[in-house]
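Structure record follows, encoded as structure tokens.
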Amino acid sequence: MVKKILAKGYVYLTLLFLYAPIAVLVIYSFTPSITMQWQGFSFDLYKDLFDPAESAAILDALKNTIIIATVASVISTIIGIFAAIGIYNMKNRSKEAMLTVSKIPMMNAEIVTGVSLMLLFLMFGIPYGMVTVIIAHIVFCTPYVILSIIPKLQQMDNNLYEAALDLGCTPMKALFKAILPQILPGVISGFFLAFTLSIDDFVITIFNIQGINTLSTFIYADAAKNGLTPSLRALSTMILVSVLVLLVIVNIITHHDKKSKTKAVVKTKVGKQNKTISKTKGANI
């Protein structure tokens, strides 16, 4: 009994430690106070956030962030699909080697990745800006997409691809008709993961950006000057809600995929059992 109470208490304390700051942020996004003192419930911060006169710099940073995240996520997802399929079809030793290499950007310190990309752009004379940030985000997002797709490739039925080829499909058409539908949940998960990582990134971005701001670089500069602009509390709450919605969508898609596969397996087993029963009855007759 005591162990159960202590175990539950530990879990609740951990959750409180993790989510209390987020709860404070959400609560104080509904009061116009600058000094984090409750001054009554209000939507003023949300109104100020969408007022160009009050929050032009924040909205500009938000626009840049969404553009960078969307472009980087789409490109890294496309690269990740073909890379994952290529790795999956390699021989065992080559496959393990390539999987290890693809994990290096994930395990590597972000500051090392940021500095190395900065020096690479400097060496080739590429001016820092939107393009360099997008390239940098593609570099560190692609491995996450690959690792999201590989498990789905391992679960898929290879016979469908071979059947598509036998029925006259070209390899590219078979890819879209036979492989992509089977790995679609992994592709969607990889895209959303890349999108959230891109929005969240600061370290790699700060080394490869100049002349524009993303949300992370704007918040850093804003905090260094006067403390955070109150409207950022409202913006952070909206981002939190958006991420939660994305997580719910991904979980629904994953659950639907598992449910469909379970039904397919059950139908297959039932079909086999019916065939066995029919054969048994035929033999008895």
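The set of residues in the stretch 94-146 being surrounded by 13 or more Cβ atoms within 10 Å (Cβ to Cβ), more than 18 Å from Ala194 (Cβ to Cβ) and in contact (Cβ under 8 Å) with a residue 60 or more places away in the chain consists of Val115, Met118, Phe121, Tyr128, Gly129. For the stretch 1-58, a residue qualifies if it is in a helix (DSSP H, G or I), open to solvent by less than 90 Å² (accessible area, probe 1.4 Å), over 22 Å from Asp222 (Cβ atoms) and not hydrophobic (A, V, I, L, M, F, W, C), and the qualifying residues are Gly9, Thr14.
For the criterion of being modelled with pLDDT of 90 or more and among the basic types (Lys, Arg), Lys47 fails. Return yes or no: is Thr31 hydroxyl-bearing (Ser, Thr, Tyr), under 25 Å from the mean Cα position of the chain (by Cα) and modelled with pLDDT of 85 or more? No; evaluated as a whole, the condition is false for this residue.
Could you tell me whether Ala72 is at pLDDT below 90 and hydrophobic (A, V, I, L, M, F, W, C)? No: the conditions fail for Ala72.
Of the residues Gly190, Gly186, the single one that is within 24 Å of the chain's Cα centre (by Cα), farther than 16 Å from Tyr88 by Cα and open to solvent by less than 10 Å² (accessible area, probe 1.4 Å) is Gly190. Taking the stretch 200-216 as the range and being among the polar types (S, T, N, Q) and either more than 23 Å from Ser231 (Cβ to Cβ) or surrounded by fewer than 24 Cβ atoms within 10 Å (Cβ to Cβ) (or both) as the test, the residues that pass are Asn208, Gln210, Asn213, Ser216. Cβ-Cβ under 7 Å, sequence separation 6+ or interchain: first residue in the stretch 233-252 and under 15 Å from Ile199 (Cα atoms), partner surrounded by fewer than 13 Cβ atoms within 10 Å (Cβ to Cβ) and at pLDDT 80 or above. Which pairs? Close Cβ pairs (under 7 Å, with a partner that is surrounded by fewer than 13 Cβ atoms within 10 Å (Cβ to Cβ) and at pLDDT 80 or above) amount to Leu240/Ile22.
The values are calculated or read from the model by the stated rules, or taken from the named source; none is laboratory data. Since the structure is predicted, the reported quantities are computational estimates derived from the model, not experimental observations. Here the Cβ is made from the backbone with ideal geometry for all residues, glycine too, and neighbour counts use every protein chain on show. These accessible areas exclude ligands, DNA and RNA; they are computed on the full protein's heavy atoms, side chains included. Shrake-Rupley method; radii C 1.70, N 1.55, O 1.52, S 1.80 Å.
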